[in-house]
Amino acid sequence: MLIPKDLTKKASVRLKQVKTESDFFKIRSEFLGKKSVIQKSFQALRKLPQSEKIKTAKKLNLIQSDLSLIFNNFANELRSTVNFQPIDISLPAFQEYGSAHPISKTIDKILAYFEHLNYQTFFGNEIETDWYNFGALNFPDDHPARQMHDTFYIDSKSKKGYLLRTHTSNTQIHSMLDQSAPIYMLSAGRVYRCDSDTTHLPMFTQIEGLAVDKDISFVDLKGIIIDFLQYFFDRKMDVRFRPSYFPFTEPSAEVDIKFGTSGWLEVLGCGMVHPNVLSTCQINPKLYSGFAFGLGVERLAMLYYGVKDIREFYASNLDFLNQV
Ligand code: FA5
């Protein structure tokens, strides 16, 4: 049997080409792994007569220990120069499991409140037509309210084409066209705007609520919002209904929650569904009325977890995520 020659020399030459940790392990397995020349030589020992077997095995053992020494020395050197840790596969497996993101937890908590009241939950389109995002919601083509909802238009040449929805209010239209009144609907999802600061994200989550039935009034809307906020924060909050304007509700309001000693943070927009919107969706506004609201999920999560910069939720910073 031939004793493999120059293996240690060849290994030293190959090790000079190591650039990454994985290069090192690849070369080590080439020279010492199951399919290496040295291991094949050990397997071939079986075929030798007893007298030769012992002599050859001694030589092979020497070569193998020289090779191990070369690789161990190389690993030690590498470890001291770069951040290099050979994996110890004998260590017990990592026992840390992931957990739900705080925004997912917040969504689940909000949905749980409304599902309990028998609201039907559904998920709408993030890519939407201009008509569902604006037109059917009573935004005339050149209305300045569109300005606050700047977004990506998929067909940049035509504002009539597809866009990334700027709010979840498109789901009001889908649900009113898909089913007849009475309707109690909730929908959660991502929306997109040209915004970014400590309280604004370019991509954020809204939860839309819609109730259409006979004799629904602003009192029902106000009652449910105040009760929901008390459930969400598990205590009575200072809540402010501030008159506002949305083309698709009349009257309209924004709801702020007091935080700290003097600040207010807006958490949702709401109002009574505009008769034009009901008519567009073939619901008779003389028979039915409705309320709708759009909650900012990250804003509620900010207040709940005491977060000062909304952008933290999406910075993928584990130190932050493990705290909330
Ligand atoms: C709307 O989007 C309306 N569609 C809400 C509505 C629904 C009104 C139904 C009436 C009836 P507004 O632009 O105010 O309204 O956004 C609603 C909420 O989303 C805000 O109160 C705020 O909590 C949150 N929000 C708005 N912009 C951002 C942003 N850039 N980043 C994070 N949260 C935001």
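Miscellaneous remarks
- Residues that are among the aromatic types (Phe, Trp, Tyr), at pLDDT below 95 and closer than 13 Å to residue 188 by Cβ, drawn from the range 78-136: 122, 123
- Total residues in the range 1-26 satisfying the condition of being under 14 Å from residue 74 (Cα atoms) and either small (Gly, Ala, Ser) or touching a residue at least 40 places away in the same chain (Cβ under 8 Å) (or both): the figure is 9.
- Within the range 227-256, restricting attention to residues that are under 19 Å from residue 308 (Cβ atoms) and modelled with pLDDT of 95 or more, the residue that is nearest to the ligand (Cβ to nearest atom) is 256.
- Condition check for residue 222: surrounded by 14 or more Cβ atoms within 10 Å (Cβ to Cβ) and in the same structural domain as residue 257 (by TED's automatic domain parsing): yes
- Applying the condition of being without any contact (Cβ under 8 Å) to a residue 12 or more places away in the chain and of a type in the set (Ser, Thr, Tyr) to the range 27-60 and asking which residue is surrounded by the fewest Cβ atoms within 10 Å (Cβ to Cβ) yields 51.
- Verdict on residue 151 being modelled with pLDDT under 95, in the same structural domain as residue 297 (by TED's automatic domain parsing), assigned to a loop (DSSP other than H, G, I, E, B) and of a type in the set (Val, Ile, Thr): yes
- Checking each residue in the range 137-158 for being surrounded by 12 or more Cβ atoms within 10 Å (Cβ to Cβ) and touching a residue at least 40 places away in the same chain (Cβ under 8 Å) picks out 137, 138, 139, 145, 149, 150, 151, 152.
- Where residue 134 falls short, out of the listed (1) under 30 Å from residue 311 (Cβ atoms); (2) touching a residue at least 24 places away in the same chain (Cβ under 8 Å); (3) buried (at least 20 other Cβ atoms within 10 Å of the Cβ): (2)
- Tally, over the range 7-58, of residues that are within 20 Å of residue 88 (Cβ to Cβ) and among the β-branched types (Val, Ile, Thr): 3
- Matching residues, the range 184-219, being in a loop (DSSP other than H, G, I, E, B), within 12 Å of the ligand (Cβ to nearest atom) and of a type in the set (S, T, N, Q): 196, 198, 199
- Residue match in the range 169-183 (condition: in a strand (DSSP E or B) and within 8 Å of the ligand (Cβ to nearest atom)): no
- Odd one out for residue 262 among (1) farther than 28 Å from residue 192 by Cβ; (2) near the ligand (Cβ under 9 Å from one of its atoms): (2)
- Within the range 285-311, considering residues that are in contact (Cβ under 8 Å) with a residue 40 or more places away in the chain, out of contact with any strand residue (DSSP E or B) (no Cβ under 6 Å at 6 or more places or on another chain) and more than 19 Å from residue 233 (Cβ to Cβ), the one surrounded by the fewest Cβ atoms within 10 Å (Cβ to Cβ): 287
The values are calculated or read from the model by the stated rules, or taken from the named source; none is laboratory data. All of these numbers come straight from a predicted model, not from anything done at the bench. Cβ coordinates were reconstructed from backbone atoms using ideal geometry, including for glycine residues, and neighbour counts include every protein chain displayed.
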